[in-house]
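What follows is a single structure, written as structure tokens, with notes after it.
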There are 2 protein chains.
Amino acid sequence: MSDVPNETAQVERAMERLGDAAYREMKERIIRGVYKPGHKLTVRAVAQDLDVSTTPARDAINRLTNEGALVYAGPKTVVVPVLDAAALREITLTRLALEGLASEQAALHGTPEDVNKLRSLQALINVALEEKRYAEALWHNKEFHFLIYRLSGFPHLVSIIESLWLRIGPSLHNLYPEFAREKYGVRNHEVAMEALEERDGAGLRAAMENDIRDGYRRLKRANQERDEG
Amino acid sequence: MSDVPNETAQVERAMERLGDAAYREMKERIIRGVYKPGHKLTVRAVAQDLDVSTTPARDAINRLTNEGALVYAGPKTVVVPVLDAAALREITLTRLALEGLASEQAALHGTPEDVNKLRSLQALINVALEEKRYAEALWHNKEFHFLIYRLSGFPHLVSIIESLWLRIGPSLHNLYPEFAREKYGVRNHEVAMEALEERDGAGLRAAMENDIRDGYRRLKRANQERDEG
DNA sequence: TTCACAATTTTGTTGCAACAAAAATGGGGC
DNA sequence: GCCCCATTTTTGTTGCAACAAAATTGTGAA
């Protein structure tokens with residue numbers, strides 16, 4: 001009694017709702033830093049940006065606001081959130097719990113091919129850092145992390161983690177120069193790859209948690225310096 | 001007629017968008033078991049149920065689908081999800097990580113008044129169980145947990161946890177008779193209240209994790225029995 | 001000049017109609 | 001009787017216009 005959606009199942013991604021496309025596009029723009037913290041978003045402006053009508057644009061904004069990627073700054077204004085110290089801490093603790101869990105599970109399913117893919121991504125990160133293309137390094141860094149998390153086999157967990165990245169993403173673009181100083185997360189990533197290779201769940205979790213904590217410290221310091229300066 | 005914007009500033013939650021109201025109402029219905037697993041939802045039906053037009057109804061459905069509380073069962077059908085073993089496990093592990101974190105943080109901020117409120121809730125749970133009003137017991141159980149989680153001071157974490165409850169909620173209503181057998185979570189709740197009283201973060205976390213694990217086992221067993229029978 | 005207030009513009013929300021696609025129905029052929 | 005295909009109905013998506021509320025601008029008086 002199967003409803004035979006088997007053939008369309010694979011193709012149905014091609015037929016995407018405009019609202020979904022807008023949502024996805026907005027997410028990418030936020031993470032890529034196109035919309036910076038404090039940026040005010042209006043329904044009609046977004047609609048024009050994405051070349052759709054107000055309905056899908058509103059859909060996307062609503063969903064993003066619902067998951068905290070955008071916040072209300074007033075009765076009629078949604079903005080990309082500027083994180084204060086408390087919010088940053090909350091997100092970091094949540095990330096540690098969730099990305100730690102995902103990493104640990106990932107170690108159970110990782111294959112040598114996965115490790116190779118990670119190596120390629122790490123190479124891209126290194127090159128981007130070398131050439132000071134920080135936005136690109138950030139993007140590949142995201143891919144590195146999520147390649148691991150997806151190995152957990154927990155799709156919904158991954159999407160929750162994604163929503164957390166959406167919230168810190170914009171803030172990261174504020175501290176480009178910082179990244180060069182200490183190569184961003186390179187050492188942690190290497191340890192992570194080794195752990196994955198050895199199917200060492202605890203080790204992988206520790207490496208990823210370290211990476212998160214390093215990023216947190218850097219971000220916190222940058223914010224403090226900004227508030228003082 | 002009278003605008004008086006100054007006064008409305010604090011009350012502005014009273015002026016709620018129809019879409020938000022629909023979203024909130026749908027959430028409560030899902031958790032309360034009005035919409036059971038497998039229940040198919042149509043935009044127009046929901047609109048009629050909630051007595052609004054299609055736009056807010058669609059808003060609510062979209063947001064709920066986005067956070068996994070509803071799922072696509074076909075090209076044009078969203079339903080309340082029926083959890084399989086894998087999904088149940090994923091949610092439980094995620095809950096352990098998140099609700100554990102929230103509990104630990106809650107222990108830092110809990111006051112004697114909070115403990116008293118918990119006692120009142122527990123009394124309500126006990127009475128409801130005694131009189132076999134299981135839906136009500138379930139509802140108070142939810143309040144018990146979230147009263148604790150909110151003490152963490154991490155609002156976004158709480159809302160993520162809420163979205164997880166939204167996903168398991170419907171399944172709980174399938175095993176009412178089970179609840180009577182062993183009083184649902186009573187012992188764990190007592191330990192939790194003690195731990196909170198003593199500001200014992202690790203102890204509170206352990207009690208809540210135990211509660212989650214107990215529920216998981218019960219749910220898993222019920223599903224197995226259903227699949228076999 | 002500055003402040004208050006009214007008019008205008010911008011903006012979010014909502015309902016609705018038009019369209020497309022999927023499901024349900026029913027009728028005709030085998 | 002059963003199955004296939006055309007027709008009808010149901011349903012989701014989308015764009016848009018009307019409305020309300022907030023922000024902005026402009027104007028006039030002190």
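Assorted remarks:
- Residue satisfying condition, being in contact (Cβ under 8 Å) with a residue 60 or more places away in the chain and in contact with a helix residue (DSSP H, G or I) (Cβ under 6 Å, 6 or more places away or on another chain), within set B:Tyr149, B:Tyr216, B:Tyr176: B:Tyr216
- Lone unmet requirement of (1) among the small types (Gly, Ala, Ser); (2) touching a helix residue (DSSP H, G or I) at 6+ places or on another chain (Cβ under 7 Å); (3) more than 16 Å from DNA strand C (Cβ to nearest atom) for B:Ser53: (3)
- Residue count, the stretch A:94-120 (criterion: without any contact (Cβ under 8 Å) to a residue 24 or more places away in the chain and in contact with a helix residue (DSSP H, G or I) (Cβ under 6 Å, 6 or more places away or on another chain)): 1
- Qualifying helices (runs of 4 or more DSSP H) (wholly inside the stretch A:38-123; at least 3 residues being away from chain B (no Cβ under 14 Å) and surrounded by 15 or more Cβ atoms within 10 Å (Cβ to Cβ)): A:43-50
- Residue identified as modelled with pLDDT of 95 or more, closer than 22 Å to B:Lys220 by Cα, among the acidic types (Asp, Glu) and assigned by TED's automatic domain parsing to the domain that holds B:Arg218 among B:Glu162, B:Glu104: B:Glu162
- Annotation note: Cβ proximity below 6 Å between a residue of the stretch B:16-28 that is within 9 Å of another protein chain (Cβ to nearest Cβ) and a residue that is within 13 Å of DNA strand D (Cβ to nearest atom) (sequence gap 6+ or interchain) occurs for B:Gly19/B:Pro56; B:Gly19/B:Asp59; B:Tyr23/B:Ala60; B:Tyr23/B:Arg63.
- Residues located in the stretch A:25-75, provided they are within 16 Å of DNA strand D (Cβ to nearest atom) and of a type in the set (Phe, Trp, Tyr): A:Tyr72
- Taking the listed residues A:Thr54, A:Thr111, A:Thr77, the one that is more than 28 Å from A:Pro155 (Cα to Cα), at pLDDT 95 or above and not hydrophobic (A, V, I, L, M, F, W, C) is A:Thr54, with no other qualifying.
- Here B:Ala137 fits the description: surrounded by 16 or more Cβ atoms within 10 Å (Cβ to Cβ) and among the aliphatic types (A, V, I, L, M).
- Positions within the stretch B:127-168 being within 13 Å of chain A (Cβ to nearest Cβ) and over 16 Å from B:Met208 (Cβ atoms), in sequence order: B:Gly153, B:Pro155, B:His156, B:Ser159, B:Ser163, B:Leu166, B:Arg167
The values are calculated or read from the model by the stated rules, or taken from the named source; none is laboratory data. None of the values given here were measured: they were computed from a predicted structure. Virtual Cβ from ideal backbone geometry, glycine too; neighbours counted across all protein chains shown.
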